[in-house]
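All remarks here apply to the structure that follows.
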Amino acid sequence: MKTITIAVVQFTPQFGKKKKNLARMQQLVANVTADIIVFPELCTTGYFFQTRDEVAMAAEPATGPAAEFFRNMALEHQAIVVAGFAERAGDSLYNACLVVVPEAAQPWVYRKTHLFYKEKICFDPGDTGFFVVKDARRGVNVGPMICYDWRFPEAARVLMLQGADVIVCPANLVTTAWRKVMPARAIENNVYLAVANRAGSEKRQNEQLTFQGESAIYDINGRVLTAAAASGDEVLQCKIDPRRARDKAFNALNNVVSDRQPQHYKELVMRQNF
Ligand code: ACM
């Protein structure tokens, strides 16, 4: 068995305090030895933007200081680092995450496909689609999705079909329904799933969002390998064997990939309106 270690960092970003947030993340992983480190959604800036102008002020290109910070972290820890950030690309603004592989010259950038609540006012819908980063050195294929993407089973499905062993999900989850659903995403796709949620709350313009914590890492059978408390900062770590995610059979006759009947799934592409 060739295992790798995955770490999930739950913490409490402060809105608009980028320097502080980066320093806190650095501190939290100081003693972490892992192959993959996952941080929450928008972990550099905080979450609850109210306007596009606010995002424009805080956003950075994928070659900016935040990317440099996570690249240095990836090199220092010799780990794949996954972290949410507000991205500016020309006139576009994305709720994005970096996937930094230490040996790669450039980070991958996933731009959140399904925007939640006021994100619809502040960000552009992601245009990258779903993709998987294949790291032969560590022997793991990593598929990113961000937070509210969880509510669309197609997201995890597409990542699995592209070869993900581990779905990584930087998140700022404000409901609790995901706790029922994430294990299902792991089971139906026979993948590991790591949710890096944030804790704490943010009050902007008299509206408060409370983030639900309970970050977790699920195995291919949807079992919780490790989970955080509902509040507070915490680093979860556990070992996983990516090869277990590659054998999609769960008994002698059933296999969650080859048993699919896509000829009956045409509505997934065709039917947009109800
Ligand atoms: C969310 O997508 N941040 C709930």
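Taken together, the values in this text are just the output of simple stated rules run on the coordinates, not laboratory data. Everything numeric in this text was worked out from a predicted model, so none of it was measured. For neighbour counting, all protein chains shown are included, and Cβ atoms are generated from backbone atoms with ideal geometry for every residue, glycine included.
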## Note on the structure
Of the listed pairs Lys18/Lys203; Lys18/Lys180; Lys20/Lys134, those with alpha carbons more than 26 Å apart are Lys18/Lys180; Lys20/Lys134
### Query
So what is log10(I(q)/I(0)) for the chain at q = 0.11, 0.16, 0.17 1/Å, when the Debye sum runs over its Cα atoms only?
-0.57, -1.23, -1.39
### Query
Within the P(r) computed for segment 151-274, what percentage of the Cα pairs occupies the region above 20 Å?
51 percent
### Message
In whole Hz and in residue order, list the ³J(HN,Hα) couplings for segment 196-206 that follow from phi through the Karplus curve 6.51 cos²θ - 1.76 cosθ + 1.60, θ = phi - 60°; x for Gly and Pro.
### Response
9, 8, 9, 10, x, 9, 9, 10, 9, 6, 6
### Query
Rounded to the nearest 5, what % of the DSSP beta bridges within segment 27-114 are antiparallel ones?
75 percent
### Query
Taking amide hydrogens as modeled 1.01 Å from N in the peptide plane, which residues meet the under 5 Å criterion relative to Thr226, leaving out close sequence neighbours?
Ile217
### Query
Per residue, how much space in cubic angstrom lies within the convex hull of the C-alpha atoms of segment 33-72?
78 Å³
### Task
In Å and from the alpha-carbon atoms only, list the Rg and Dmax of segment 81-203.
14.1, 43
### Summary
Per the charge dipole of segment 189-274 (beta-carbon charges, Lys/Arg positive, Asp/Glu negative, Cα centre), the residue among Ala252, Tyr192, Ile220 reaching farthest to the positive end is Ala252
### Message
Looking at the chain only, what percent of DSSP beta bridges run antiparallel? Nearest 5 please.
### Response
70 percent
### Query
Tally Lys and Arg at +1 and Asp and Glu at -1 over the other residues with C-beta under 15 Å from the C-beta of Phe69: what net charge comes out?
+2
#### Entry: Charge tally in the Cβ shell below 11 Å around Leu225, where Lys, Arg are +1 and Asp, Glu are -1, Leu225 excluded
+1
### Summary
To the nearest 20 debye, segment 137-207 has a Cα-centred charge dipole, built from +1 on Lys and Arg Cβ and -1 on Asp and Glu Cβ, of 160 debye
### Message
Which of Asn255, Asn190, Asn141 ends up with the largest GNM mean-square fluctuation for the chain, with Cα atoms connected below 10 Å?
### Response
Asn255
### Summary
Highest GNM mean-square fluctuation among Lys239, Lys203, Lys248, for the chain with Cα springs under 10 Å, belongs to Lys203
### Karplus 3J(HN,Hα) series, Hz, for segment 114-124 with 6.51 cos²θ - 1.76 cosθ + 1.60 (x for Gly, Pro)
9, 8, 10, 6, 6, 4, 5, 8, 9, 10, 8
### Mean shadow area of segment 49-131, taken as a quarter of the surface of its Cα convex hull (nm²)
5.3 nm²
### Task
Search the structure for amide H atoms under 5 Å from the amide H of Val168, placed 1.01 Å from N in the peptide plane, and list their residues when 5 or more places away or on another chain.
Gly143, Met145, Ala194
### Query
Among the aspartates and glutamates, which have Cα under 15 Å from the Cα of Lys239 when same-chain residues fewer than 8 positions away are ignored?
Asp35, Asp165, Asp219
### Inter-part distance where segment 106-151 and segment 226-274 are each reduced to a Cα centre, Å
16 Å
### Task
Using only the Cα atoms, work out Rg/Rh for segment 143-224, with Rh taken as the Kirkwood radius, to two decimals.
1.02
### Query
Among Phe211, Phe39, Phe85, whose mean-square fluctuation peaks in a Gaussian network model of the chain (Cα, cutoff 10 Å)?
Phe211
### Query
Long-range amide H contacts for Arg204: which residues qualify at under 5 Å (H placed 1.01 Å from N, peptide plane, sequence gap of 5 or more or a different chain)?
Leu209
### Message
From Cα pairs below 8 angstrom and at least 6 apart in sequence, can you work out the relative contact order of the chain, rounded to a whole percent?
### Response
19 percent
### Message
I need the phi-derived Karplus couplings for segment 135-151: 6.51 cos²θ - 1.76 cosθ + 1.60, θ = phi - 60°, integer Hz, Gly and Pro marked x.
### Response
10, 5, 4, 8, x, 8, 10, 10, x, x, 9, 10, 6, 4, 4, 4, 6
